[in-house]
Each structure stands twice: as structure tokens, then as C-alpha cells.
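Read the figures in this text as sums done on the coordinates, not as results from a lab. Because the structure is predicted, anything quoted here is derived from the model rather than measured. Using ideal geometry, Cβ is built from the backbone for each residue, glycine included, and neighbour counts are taken over all protein chains shown.
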């Protein structure tokens, strides 16, 4: 079992960085707990395919609700807060720090984040073989700030 959260596009609309960090932290803690508890054929490793920070520009893409939306700044802030929570980086992004900075140094990661679809990806069909054609300006202004 795992905690269920609202779709990312909805929680991103809150512009609540502490909420995004807390969501990532819950995912990280649950993944670490599942990893420590289950030693079967499933759940090997602690690298998670999250978060999805694709810039949502076309509603025909079937995974838009999994992203923070179309704003590069919101996507970037969401990714930073969610990842810091998921990886167990306490005391960042507006959360309460229960340890001093010196104690937190050298801590292990709860999980390892692997950002999904972060640059010029909006393809549903043919997604394993499409060629993204993006101008340098669009890449700089839209995709890479996230």
C-alpha cells in the first residue's frame, strides 16, 4: 500500500512548495520502507522514475495530469521541492529541520530521483522512436528552465 495524492497538475496549482516537498518525502519514506521490508522479486533498488516534469503543452498527450503544467518556473520549483523531499534532504524548501546542518551532512539518500520527460517530450504514440525538433530558443526559454 502507498499514500495516494491528487494529480500533480492539481497540487502544482497550489503553488505550495512545502506541500510538494512533503509529497516527495512521503514517497521517499514509503519507497525506503518497502525496499527494507520486501526482499522478493519486486521492488529492487531505490531509483524512482519521478517526478515527471514535462512541459504540458498539448492536451492530446495522455500524461499531462502527471506534470506540474505548462509553466517552466513552476515545473522547476516543483521538481526541486519534490526531489529534495524524495531523496531525504531535510531542512530545504521550507520544511522544518529537526537536525543541524552538520548532522545532516553525510546522510544517505532515502531514494534516488530520475526525472521523467524533462526536455522536449510530449509524445504518446511512437514515443520510443520520435525525433524532437525544438528550436534553440524554445529549448532555452521553455524546456530547460524546468
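Could you sort the peptides 67-73, 13-19 by per-residue average Cβ neighbour count (10 Å cutoff), highest mean leading? Walk me through the intermediate numbers first.
Working: 67-73: 19.0, 13-19: 14.6.
The peptides rank, most packed first, as 67-73, 13-19.
Please work out the FRET efficiency for the pair residue 107 and residue 7, using the Cβ-Cβ distance as r and a Förster radius of 30 Å; give the result to the nearest 0.05. Could the numbers behind the result be given before it?
On the way: r = 31 Å, r/R0 = 1.03.
That pair, residue 107 with residue 7, gives E of 0.45.
So, by mean Cβ neighbours within 10 angstrom, what's the order for 2-8, 133-139, 24-30, 108-114 with the highest one leading? Numbers along the way, then the final one.
Working: 2-8: 12.3, 133-139: 10.0, 24-30: 20.7, 108-114: 16.7.
So the order, starting with the most tightly packed, is 24-30, 108-114, 2-8, 133-139.
Relative to the present Cα-Cα distance, how much length would full extension add between residue 70 and residue 57 at 0.36 nm per residue of separation?
Numbers: separation 13, 0.36 × 13 = 4.68 nm, distance 0.58 nm.
Contour length minus the Cα-Cα distance gives 4.1 nm.
Normalised by the empirical 2.2 N^0.38 Å for globular proteins, what value does the Cα Rg of the range 1-92 take?
Numbers: Rg = 13.9 Å, N = 92, 2.2 N^0.38 = 12.3 Å.
This ratio for the range 1-92 stands at 1.14.
Suppose each label sits 7 Å from its Cα in the direction of the beta carbon; what would the residue 47-residue 29 distance come out to in nanometres?
Result for the modelled spin labels: 2.6 nm.
Note down the nm distance, to one decimal, between modelled labels 7 Å out along Cα→Cβ at residue 144 and at residue 132.
Computed distance between label sites residue 144 and residue 132 equals 1.2 nm.
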